[in-house]
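Q: Please find one structure pasted underneath; my questions will follow.
The values are calculated or read from the model by the stated rules, or taken from the named source; none is laboratory data. Keep in mind that what you see is a predicted model, and the values were worked out from it rather than measured. Methodologically, a virtual Cβ is constructed for each residue, glycine included, from the backbone with ideal geometry; neighbour enumeration extends over all protein chains shown.
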Amino acid sequence: MSNMASVSRPPSIHAPWRKSFIIPLFTIHLGFSAFVAIWHLLLYGLSIYAGSDSGQNSYTEALYATVGSFGVVSTLIIIGHVVLFARFRLTAWIFMLGNGAVTVLSLISMIIGITNEKRRYEFGYSDYLIVAFPATLCAISLVGLVYAVIVWRKVNSGRAIDMVKPGGGLGGAAKGGDVQDDANAIPMV
């Protein structure tokens, strides 16, 4: 019998990201962000098409356009994260900044929706989906932001390193670096 330890699986090249967490997070985040964008832009288009018959005031139409636009920007940020992750270039800092931006945009959308609902409630009409969808997107974004901060702290403390590109290079760095850098490129999970 040999004294060599058996490894059930090789270390992940996606370290410090847990693929079992980040891929479902990407899927849920991207899907809901796109849904919020499409939903609000569709309502904006319908209210413009119906004109004065829609029963919407100009503030509500501006709300639909603003929240829909924020949803499009959030969707593009999340798509950027997915592309960077697929190319092994998603650093903890980029992921944290992107999730922070999506969280702020969805929080602003939620606050705008709450002010709209307060104004509409005075007239006896209310649509809680205007607040519910951005609030849910904000909650999903907060989960991503908390995860990003945890990973960023691990990377900064030295307990983990940023994503390793297969074949060498850290976080998208060019190949052909120092031998010591390649030796340290084993991800610590």
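Residue-wise test of (1) outside any loop (DSSP other than H, G, I, E, B); (2) at pLDDT 65 or above; (3) more than 30 Å from TYR44 (Cα to Cα); (4) not basic (Lys, Arg).
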position: ARG89; (1), (2), (3), (4): no, yes, yes, no
position: ILE112; (1), (2), (3), (4): yes, yes, no, yes
position: LYS118; (1), (2), (3), (4): yes, yes, no, no
position: TYR125; (1), (2), (3), (4): no, yes, no, yes
position: VAL131; (1), (2), (3), (4): yes, yes, no, yes
position: ARG159; (1), (2), (3), (4): no, yes, yes, no
position: PRO166; (1), (2), (3), (4): no, no, yes, yes
position: LYS175; (1), (2), (3), (4): no, no, yes, no
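Q: Continuing with the same structure: Yes or no: the stretch 93-112 includes at least one residue that is over 17 Å from the mean Cα position of the chain (by Cα) and without any contact (Cβ under 8 Å) to a residue 60 or more places away in the chain.
A: yes
Q: OK, next. Output the residues belonging to the stretch 130-153 that are surrounded by fewer than 19 Cβ atoms within 10 Å (Cβ to Cβ), free of Cβ contacts under 8 Å to residues at least 60 places away in the same chain and of a type outside the set (Gly, Ala, Ser).
A: LEU142, VAL146, VAL149, ILE150, ARG153
Q: Okay, moving on. When the stretch 69-87 is examined, which residues are found to be over 12 Å from the mean Cα position of the chain (by Cα) and buried (at least 21 other Cβ atoms within 10 Å of the Cβ)?
A: Result: PHE70, single match.
Q: If you don't mind, there's one more thing I want to ask. Could you tell me which of the residues VAL67, VAL72 is of a type outside the set (D, E, K, R), closer than 22 Å to ILE130 by Cβ, in contact with a Leu (Cβ under 8 Å, 6 or more places away or on another chain) and not in a loop (DSSP other than H, G, I, E, B)? Steps first, please.
A: Values: VAL67 fails: in contact with a Leu (Cβ under 8 Å, 6 or more places away or on another chain).
Just one listed residue meets the conditions, VAL72.
Q: Say we look at the stretch 91-110 and pick out the residues that are farther than 18 Å from VAL36 by Cα and among the β-branched types (Val, Ile, Thr); which of these is modelled with the lowest pLDDT?
A: Taking the candidates together, the pick is THR91.
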